[in-house]
Amino acid sequence: MDESTQWWLMAGVLVVAELATGTFYLLMIALGAVAGALAAHAGLGTEVQLSAAAVVAALTAGGWYAWKRRRQQRLGDHPLGTQSAPDLELDLGQVVQVSAWESDGTTHVSYRGAPWRARLKQPSGTTLPEAGTYRICAMQGNLLLLEKV
């Protein structure tokens, strides 16, 4: 079997494995295998093929990791916070009615026909907030974070 065919088969297996596991890193390693295949098509030696595959896989996987870290640092602990684009999170900016607050600073609101737990995004000390109209400004999982309108 030709060396380039082996590289292409390896790239295909890595793509299938990525589809089965959902890890984006396997696609980066598959790109390394593609680089090895292209080096084989160019008639370069096995050492150069392996080097090309290793360098491309390392650079793409490292680049993906660095991009994810920068994105996480930029978004902070709350990737669906107020900095999110409203077209990506349809609940942000919607208005809900709060009838009463519980002693722990949370409340239950009816939103989109279902009960939701909610709390103020920035609690105001020891006093309970007043009932009224609030806007959804962020989400933590299925907990709505509200701000007074």
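Per residue of the chain, what 222 nm ellipticity follows from adding -39500 (n - 2.57) for every DSSP H run with n ≥ 4, rounded to the nearest 500?
Helices in the chain give a 222 nm mean residue ellipticity of -15500 deg cm²/dmol.
Phi angles across the stretch 57-62 convert, under the Karplus curve 6.51 cos²θ - 1.76 cosθ + 1.60 with θ = phi - 60°, into 3J(HN,Hα) values of 4, 5, 5, 6, 5, x Hz, Gly and Pro given as x. Placing +1 on the Cβ of every Lys and Arg and -1 on the Cβ of every Asp and Glu, with no other charges, gives the stretch 95-148 a dipole of roughly 200 debye about its Cα centre.
Take every pair of alpha-carbon atoms less than 8 Å apart whose residues are at least six positions apart; their mean separation over the length of the chain yields a relative contact order of 16 percent. Around the amide H of Leu146, modelled in the peptide plane, lie the amide H atoms of Arg119, Leu120, Lys121, Cys137, all under 5 Å away and 5 or more residues distant in sequence or on another chain.
For Gln94, the residues whose modelled amide H falls within less than 5 Å of its own, excluding neighbours fewer than 5 places apart on the same chain, are Ile136.
Size descriptors for the chain: radius of gyration and Dmax over Cα atoms are 25.1, 75 Å.
Report, in debye and to the nearest 20, how large the dipole of the stretch 3-75 comes out about its Cα centre when Lys and Arg carry +1 and Asp and Glu carry -1 on their Cβ.
My answer is approximately 620 debye.
Here the peptides 124-132, 53-61 are ranked by packing, the mean other Cβ count within 10 Å, and the order with the highest first is 53-61, 124-132. Using the Karplus relation 6.51 cos²θ - 1.76 cosθ + 1.60 with θ = phi - 60°, the per-residue 3J(HN,Hα) values for the stretch 7-18 come to 5, 5, 5, 4, 4, x, 4, 5, 5, 5, 5, 5 Hz, with x marking Gly and Pro. The HN-Hα couplings worked out from phi for the stretch 32-43 by the Karplus form 6.51 cos²θ - 1.76 cosθ + 1.60 (θ = phi - 60°) are x, 5, 5, 4, x, 5, 5, 5, 5, 5, 6, x Hz, whole numbers, x standing for Gly and Pro. Farthest toward the positive end of the dipole of the stretch 95-148, out of Gly141, Thr106, Leu120, is the Cα of Gly141, where the dipole comes from beta carbon charges about the Cα centre. The charge dipole of the chain, taken about its Cα centre with unit charges on the Cβ atoms of Lys, Arg (+1), Asp and Glu (-1) only, comes to about 500 debye.
Quick note: the coordinates plus some simple rules give every number you see, no bench work behind them. None of the values given here were measured: they were computed from a predicted structure. Here Cβ is always computed from backbone atoms with ideal geometry, including for glycine, and neighbour counts include all displayed protein chains.
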